[in-house]
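The structure appears below as structure tokens.
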Amino acid sequence: MISLKIDGKLVKAERGATILQAAQKLGLEIPTLCHHPALEPYAACRICMVEVIKERKSELVTACNTAVQQGMTVWTKSNRALAARKMNLELLMARAPKVKIIRAMAAEYGIKKIRFPVENPEEDCILCGLCVRVCESVVGASAICFANRGSDRTWSKPFDKASDTCIACGVCTYLCPTGAIQMEAETAQQFRERPGEHRECRYSLMGILPYALCANSFRCAQCEVDQRFRDHMDTHPIFVARNCDLESVSAYHEFLKRVRKE
Ligand code: SF4
Ligand code: SF4
Ligand code: FES
């Protein structure tokens, strides 16, 4: 175990744990937008900046992907850490100015106007990569990917064609912090068009139900089975199906609900 201090409190964390995990052990909240406990850290949003003091030198690091070190001192709310978060929020505001969660976070940090040029006022994707990463590493479908480079970068379906590996699990929609990705009518239609024995319910495709054909014509939003699974599992069913660490996944979803103010 590694001992370190966060905001003046001593904490022990496992070797390889991140500053974010150690802070969460102490009940300290560090804001995140591109992080999910079931996924490898990606460090795209830079909202989780904290200040680390090492050998009397101060350094700003992202808490979600920086490993704890013996004797480390971390400040999650120092002036430097807060200023860095604020700057990164301002950049996110310029990228996705209408997104509710970004606006709510920006308001918390006292940001009243956007200082940087807004390229597309309708943009709602912040390129956090949650949708692409969860589809690849938790679902195992790799039905969506990033396309283009630089300021044109966005998520897409491979070759921009309807993906035939999508199992309509919906976890990409569920995790997207901004609402930029939605289950499209096209996806549901694709499932409806499948012949007889291929019309499997998405819970069956997730491996939660034994082989079951969808009797609801893939109107998942109106499906009682869907509702019951969600109520019962308290998180997205794919995390249950893939044996993820449900305690940390549920804690994260509680956090997400609070910041989205649902
Ligand atoms: S709904 Fe389709 S694209 Fe989205 S995570 Fe599930 S398999 Fe991937
Ligand atoms: S669509 Fe949503 S989850 Fe995917 S990269 Fe954009 S903001 Fe992140
Ligand atoms: S949560 Fe750490 S960089 Fe996004």
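All of the numbers you see were taken from the coordinates with simple rules; none came from a lab. For clarity, every value in this text was computed on a predicted model and none was experimentally measured. A quick note on method: Cβ atoms are made from the backbone with ideal geometry, for glycine too, and the neighbour counts reach across all protein chains shown.
For the reader, a short list of remarks on this structure follows.
- Test: residue in the range 190-205 that is touching a Leu at 6+ places or on another chain (Cβ under 9 Å), of a type in the set (Gly, Ala, Ser) and crowded, with 18+ Cβ neighbours inside 10 Å: no
- The set of residues in the range 199-237 that are aromatic (Phe, Trp, Tyr) and within 22 Å of the chain's Cα centre (by Cα) comprises TYR203, PHE229.
- Some residue of the range 39-50 being aliphatic (A, V, I, L, M) and more than 12 Å from ligand 3 (Cβ to nearest atom): no
- Any hit, the range 38-59, residues being of a type outside the set (D, E, K, R), free of Cβ contacts under 8 Å to residues at least 12 places away in the same chain and assigned to a loop (DSSP other than H, G, I, E, B): no
- Selection within the range 73-90: residues that are in contact (Cβ under 8 Å) with a residue 40 or more places away in the chain and surrounded by fewer than 21 Cβ atoms within 10 Å (Cβ to Cβ). The member of this set that is nearest to the chain's Cα centre (by Cα) is ASN88.
- Considering the conditions (1) of a type in the set (D, E, K, R); (2) over 20 Å from ILE2 (Cα atoms); (3) more than 16 Å from ligand 2 (Cβ to nearest atom), GLU51 is excluded by exactly one of them, (2).
- Residue in the range 23-31 that is assigned to a loop (DSSP other than H, G, I, E, B), under 19 Å from the mean Cα position of the chain (by Cα), buried (at least 21 other Cβ atoms within 10 Å of the Cβ) and not basic (Lys, Arg) present: yes
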